Amino acid sequence: HLSERLKRVAESVPEGARLADIGSDHAYLPVYLAKKGLISYAVAGEVVKGPYENAKTEIEGEQLETTIHPRLADGLAAVEPSDQIDTVAIAGMGGALISSILESGKAALKGVTRLILQPNIGEENVRRWLQQNHYQIVEEAILFEDGHYYEIIVADFVTDTPQYNQSQLLFGPFLKESKSAVFVDKWTAELNRLRGVEKQIRQSTTPPEDKLAQVTHKMKLIEEALA
Ligand code: SAM
């Protein structure tokens, strides 16, 4: 019962990985991968007791206790050096939360060569963090499931600093190039929403100039990306 979204996340986990899935909830991702023999070890981190118990139950039900280790902890505090984690997945949260988990867990990222991130919103935050922390985006995907657009960002550690312009940070360097039907739908909907926002701003008695400039700038970027 894995969603298309999590299946796409799973596809980018390197074979034999030592995975940390942060915010794992039911641990569906590591359980799916371990059952297929695609990972050698995993930590399923959860900060909330209920989801942590869900993860534990799921792992025990599948008799995967030797491979997948549930941990009740905030973000990357779930990871210990002896875990020798090389791949981190963080899915199903806002981009700002994902970035803050990465930022406060930097020490645990030593030796992590791949990040697979699936922000529900605020993808730009995630790409900016990657750029500033030596992770180069190597793959991206966008999909529409259950009424939501989901982006998946895969990044590998590099020694130099990746360079992305404003448009690449907002849309994603690969998504912007591929311009898939789902990508076009997502940004067309956002453009229409911003048109409504712009109209409302202009109708107010004292239009806030900075807000207006911000909205029109974003609309221009979207128009360029869709052109
Ligand atoms: N990763 C799964 C997925 O993509 O389907 C579950 C997503 S669920 C919507 C988000 C989970 O992240 C929740 O179970 C929540 O408790 C957990 N979470 C939120 N902040 C966290 C943090 N700082 N550290 C660990 N888990 C966190």
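The values are calculated or read from the model by the stated rules, or taken from the named source; none is laboratory data. Quick caveat, the model's predicted, so the values are computed rather than measured. Counting neighbours? That spans all protein chains shown, and the Cβs are built from the backbone with ideal geometry, glycine included.
Values for this structure:
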{"read-out": "Selection within the range 48-57 - more than 19 Å from VAL9 (Cβ to Cβ) and either within 13 Å of the ligand (Cβ to nearest atom) or not β-branched (Val, Ile, Thr) (or both)", "value": "VAL48, LYS49, GLY50, TYR52, GLU53, LYS56"}
{"read-out": "Given (1) assigned to a helix (DSSP H, G or I); (2) surrounded by 20 or more Cβ atoms within 10 Å (Cβ to Cβ); (3) out of contact with any Gly (no Cβ under 7 Å at 6 or more places or on another chain), number of the condition VAL88 does not satisfy", "value": "(1)"}
{"read-out": "Among (1) part of a loop (DSSP other than H, G, I, E, B); (2) farther than 26 Å from GLU80 by Cβ; (3) not small (Gly, Ala, Ser) - the single one VAL112 does not satisfy", "value": "(2)"}
{"read-out": "Pick from the range 1-50, criterion touching a residue at least 40 places away in the same chain (Cβ under 8 Å) and of a type in the set (Lys, Arg), ranking: nearest to ALA155 (Cα to Cα)", "value": "ARG8"}
{"read-out": "Positions within the range 59-107 being among the charged types (D, E, K, R), more than 20 Å from the chain's Cα centre (by Cα) and away from the ligand (no atom under 12 Å from the Cβ), in sequence order", "value": "GLU60, GLU62, GLU65, GLU80, ASP83"}
{"read-out": "Test result for ASP156, in the same structural domain as LYS106 (by TED's automatic domain parsing) and exposed (fewer than 15 other Cβ atoms within 10 Å of the Cβ)", "value": "no"}
{"read-out": "Subset tally (residues that are in a strand (DSSP E or B), closer than 19 Å to GLU177 by Cβ and of a type in the set (D, E, K, R)) for the range 124-160", "value": "4"}
{"read-out": "So LEU72, is it within 17 Å of ARG18 (Cα to Cα), surrounded by fewer than 22 Cβ atoms within 10 Å (Cβ to Cβ), at pLDDT 95 or above and hydrophobic (A, V, I, L, M, F, W, C)", "value": "no"}
{"read-out": "Some residue of the range 178-194 being among the charged types (D, E, K, R), at positive phi, at pLDDT 95 or above and not in a helix (DSSP H, G or I)", "value": "yes"}
{"read-out": "Residue match in the range 51-59 (condition: closer than 30 Å to LYS176 by Cα, crowded, with 20+ Cβ neighbours inside 10 Å and in contact with a helix residue (DSSP H, G or I) (Cβ under 7 Å, 6 or more places away or on another chain))", "value": "no"}
{"read-out": "Close pairs from the range 207-227: first under 12 Å from LEU170 (Cβ atoms) and touching a residue at least 40 places away in the same chain (Cβ under 8 Å), partner of a type outside the set (A, V, I, L, M, F, W, C) and not in a helix (DSSP H, G or I), Cβ under 7 Å, at least 6 apart", "value": "none"}
{"read-out": "Failed item in (1) more than 22 Å from VAL138 (Cα to Cα); (2) more than 9 Å from the ligand (Cβ to nearest atom); (3) in a strand (DSSP E or B), with GLY37 passing the rest", "value": "(3)"}
